[in-house]
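Undergrad: Take a look at this one; I'll ask things after.
Here, each number is a calculation from the coordinates, and none is a lab measurement. This one's a predicted model, so the numbers in the text were calculated from it and none came from an experiment. Note that each Cβ is placed from the backbone with ideal geometry, even for glycine, and that neighbours are counted across all protein chains shown.
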Amino acid sequence: MGYHQFIIAQMQQVNREEWNSVVLKAEEGTFFHTYDWSKILTDYGKKGGGYSPRHILIRDQQTDRLVAILPLFLTKKRRLVSLPSGDYGGPCIDPSVNRRDVLEIMFNEVEEIAKKEAQTTFLKSIHHEYHEWLCLHGYTKTPENYTFILSTRDATLDSLWRKFHESPRRGVKRAQKKGVTVEEVVQKDLMKEYYQIYVENMKRLGASIRSFFFFEVLWDVLAERKLMKLFLAKYQGDYIAGMICFPWKRTLHLYSNAFLKEYENLGSNHILYYEAIQWTFEHKFDFDLGLSPLNKNSGLYQFKERWGGTPKLLFSASKSYTIATNLLLSVWLLRKSLSRRLPKKVKKFAKMLIK
């Protein structure tokens, strides 16, 4: 049976519970692999976000179970990306099935899509289990970012505090002394407060700015399911900083963080991080501090490093397609197809013809 046990499933045949069940079972499953994140990108893409879903879903014919997903989107620049606007991507496979058989089917389908529509396939922050297989199949592995993982499960608040560098400890104390408070948002209207801070922050950094619609979709898809936490820091009646996090599989993932520069000296950003760390401690979660640049001398890397987490280097994998590449892909896919479907007596002759 083996390879032929698995088939490509259609999106309309898969529901949220089935999809997320695979993500929960797989070690490599992150919040960004969930059905919910793909729904956010799909809804956003329908209103000019530039993302069109090309998900690859694998079902086990014997058990009729969904056993693997590759959330994938085609962008306006003809890139197949897993996953846009997220920190992690790549395959997510139920550990009970043969990984290599599933990967063969999954990436045969990727090649078929790429041959018709894409110039590049890009898999973001992929799990280490897939590095070797992808490199053997024409992908280039590249160090892309760092993250820091702060484990709070077997800690005390005091031991966590001692892990912090002197700088964040000073910042937290300053914010508390100045009367900066943090509240967890439970009303959608306050997303506008966060967005205004976010826009000012991105302008200062010279970075691209997402539309408010993206953040509305975040709230609409995630808030009711308690898959998003929005913290806002407040000083003398004004909101001065904010942080969006996603709780999933005992990890709180920091996704978006912004602050108003004029209030930075109050420790507004420090008090937000401390609030998130306290939440992870109370709920026995780990804290993933989100993407940091490779440059260890950058301000963002050094700021996150000072919270005492363990650095983790994240690798991405990419593959480019030219006209010549696509022709070779067509031949390769045909050979793979023939090797599976033709009677044994004619396989050798067929392969000779293709050569």
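Undergrad: In whole Hz, what ³J(HN,Hα) sequence does segment 161-168 give by Karplus (6.51, -1.76, 1.60; θ = phi - 60°), x for Gly and Pro?
TA: Running phi through 6.51 cos²θ - 1.76 cosθ + 1.60 with θ = phi - 60° gives 4, 5, 6, 5, 5, 4, 4, x Hz.
Undergrad: Amide H of residue 120 versus every other amide H placed in the peptide plane: which residues, excluding those fewer than 5 positions away on the same chain, fall under 5 Å?
TA: Long-range HN contacts for residue 120: 80, 321.
Undergrad: Using unit Cβ charges (K, R positive; D, E negative) and no other charged atoms, how large, in debye to the nearest 20, is the dipole of segment 2-138 about its Cα centre?
TA: 740 debye
Undergrad: Show me 121-127, 179-185, 190-196 ranked by packing, highest mean number of other Cβ atoms within 10 Å first.
TA: On the way: 121-127: 22.9, 179-185: 15.1, 190-196: 17.6.
Per-residue mean Cβ counts within 10 Å order the peptides as 121-127, 190-196, 179-185.
Undergrad: Which value, in debye to the nearest 20, gives the size of the charge dipole of the chain about its Cα centre, when Lys and Arg are +1 and Asp and Glu are -1 at the Cβ?
TA: Dipole magnitude for the chain comes out near 1420 debye.
Undergrad: Additional query: Report, by chain and number, residues whose modeled amide H sits under 5 Å from the one on residue 72, excluding near sequence neighbours (fewer than 5 apart, same chain).
TA: Residues meeting the amide H criterion: 54, 55, 56.
Undergrad: Go through segment 307-314 residue by residue and turn each phi into a ³J(HN,Hα) via Karplus (6.51, -1.76, 1.60, θ = phi - 60°); whole Hz please, and just put x for glycine and proline.
TA: After applying 6.51 cos²θ - 1.76 cosθ + 1.60, I find 8, x, x, 8, x, 9, 7, 10 Hz.
Undergrad: Same structure again: Name the long-range amide H neighbours of residue 9: under 5 Å, sequence gap of 5 or more, or other chain; modelled H, no Pro or chain starts.
TA: 57, 58, 59
Undergrad: What is the gain in length, in nm to one decimal, between residue 108 and residue 173 on full extension, counting 0.36 nm per residue of separation less the C-alpha to C-alpha distance?
TA: 17.9 nm
Undergrad: Also: Can you give the charge dipole size of segment 136-246 about its Cα centre, rounded to the nearest 20 debye, using +1 on the beta carbon of Lys and Arg and -1 on the beta carbon of Asp and Glu?
TA: On the way: 19 positive and 13 negative charges, 103 e Å.
Result for segment 136-246 is approximately 500 debye, rounded to the nearest 20.
Undergrad: On a 0 to 90 degree scale, rounded to 10, what angle separates helix 323-341 from the longest Cα axis of the chain?
TA: Value to nearest ten degrees: 60.
Undergrad: Which listed residue (194, 142, 82) has the Cα farthest towards the positive end of the charge dipole for the chain, taking +1 on Lys and Arg C-beta and -1 on Asp and Glu C-beta about the Cα centre?
TA: Highest projection toward the positive end goes to 142.
Undergrad: Among the aspartates and glutamates, select those whose C-alpha is under 12 Å from the C-alpha of residue 296, and discard any that sit fewer than 8 residues away in the same chain.
TA: Partners found: 305.
Undergrad: Which ³J(HN,Hα) values in Hz, rounded to whole numbers, follow from the phi angles of segment 171-187 under the Karplus curve 6.51 cos²θ - 1.76 cosθ + 1.60, where θ = phi - 60° and Gly and Pro get x?
TA: x, 5, 4, 5, 4, 5, 5, 7, x, 6, 10, 10, 10, 8, 6, 10, 10
Undergrad: What angle, in degrees between 0 and 90 and rounded to the nearest 10, separates the Cα long axis of helix 35-44 from the longest principal axis of the Cα atoms of the chain?
TA: Rounded to the nearest ten degrees, it is 80.
Undergrad: If the elastic network links every pair of Cα atoms under 10 Å, which of 68, 155, 276 fluctuates the most in the Gaussian network model of the chain?
TA: 155
Undergrad: I would also like to ask the following. I need to check one value: relative contact order of the chain, counting alpha carbon pairs closer than 8 Å and at least 6 residues apart, in percent.
TA: Averaging sequence separation for qualifying contacts and normalising by length gives 20 percent for the chain.
Undergrad: From the cross-link list 226/304; 188/229; 188/249; 163/284; 116/319, which pairs have alpha carbons spaced over 19 Å apart?
TA: Going by Cα-Cα distance, 226/304; 188/249 fall outside the 19 Å limit.
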